[in-house]
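Chemist: Handing you a structure now.
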């Protein structure tokens, strides 16, 4: 995305996903969508078929004292305990995906809490994804928005080379939060996780109702968790 010819690259270049490392969230999602085992052989077969499919990308503005850095994410954005699990467990990469399980257990014993503010634009105010008293999530029925290139292809065809993506829903980093956004402030956040796809690891599926091209970001936040059980949260 840092290339000046990124619009051409994004529309013409496809990537085959072969699992490696310890996370493999995208590879797991692709295998699940295709109803195939999450193995290198299966993913190699999928890549060889060259059946293209677009996927969503998050635009993230990292605000510094005197600058704003724009980065992009196809998987997830983490803050709090999830970041601790991901980054601190790097020292145990030799354990493979088991490192996440081990550090998650440590996280349930050693409680970490953070003060922060979560601001987001609800997908549909009249059809919000809430939980009842039994904590059974209600499945959202949302209208899929038009794909980015269906809306902005002509704009980029006539725009100067290197023009940044159109991110009209993302507010000015130096401005305030729009009035139609929801704001949650607390001093006892455990974690915040935004995801583009269902699976973020081979054994972690925080957004089962999400697809890779539905145009939405699922936000998961954990607040006021107990020391032992991080799942009894508000």
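Chemist: Assuming R0 = 45 Å, what is the FRET efficiency of residue 185 and residue 2, from their Cβ-Cβ distance, to the nearest 0.05?
Modeler: Given R0 = 45 Å and the Cβ-Cβ separation, E is 0.85.
Chemist: Please order 72, 114 by the number of other Cβ within 10 Å, starting at the fewest.
Modeler: Values: 72 12, 114 16.
Ranked by crowding around the Cβ, least crowded first: 72, 114.
Chemist: Let me ask you something else. When the chain is fully extended, how far beyond the present Cα-Cα distance does residue 94 get from residue 143, taking 0.36 nm per residue of separation?
Modeler: Between residue 94 and residue 143, full extension yields 13.4 nm more.
Chemist: Suppose the chain between residue 203 and residue 87 were pulled fully straight at 0.36 nm per residue; how much longer would it get relative to their current alpha carbon spacing?
Modeler: Additional length available on full extension: 40.0 nm.
Chemist: Let me ask another. State the extension gain, in nm to one decimal, for the chain segment bounded by residue 121 and residue 32, taking 0.36 nm per residue of separation less the distance between their alpha-carbons.
Modeler: Working: separation 89, 0.36 × 89 = 32.04 nm, distance 2.85 nm.
That pair, residue 121 and residue 32, stretches by 29.2 nm at full extension.
Chemist: Something else: Direction-averaged shadow area of the convex hull around the Cα atoms of the chain, nm²? Numbers along the way, then the final one.
Modeler: Working: hull surface 61.4 nm².
The number I arrive at for the chain is 15.3 nm².
Chemist: Moving on to the next point. Assuming R0 = 30 Å, what is the FRET efficiency of residue 111 and residue 41, from their Cβ-Cβ distance, to the nearest 0.05?
Modeler: With a Förster radius of 30 Å, E is 0.10.
Chemist: Nearest 500 deg cm²/dmol is fine: what mean residue ellipticity at 222 nm does the chain get from its DSSP H runs of n ≥ 4 alone, each adding -39,500 (n - 2.57), divided by its residue count? Write down the numbers at each step before the final one.
Modeler: Values: 6 runs with 57 residues, N = 234.
Calculated mean residue ellipticity at 222 nm is -7000 deg cm²/dmol.
Here, each number is a calculation from the coordinates, and none is a lab measurement. Bear in mind that the values here come from a model prediction, so they are computed numbers and not experimental data. Note that we place each Cβ from the backbone using ideal geometry, even for glycine, and neighbour counts take in every protein chain shown.
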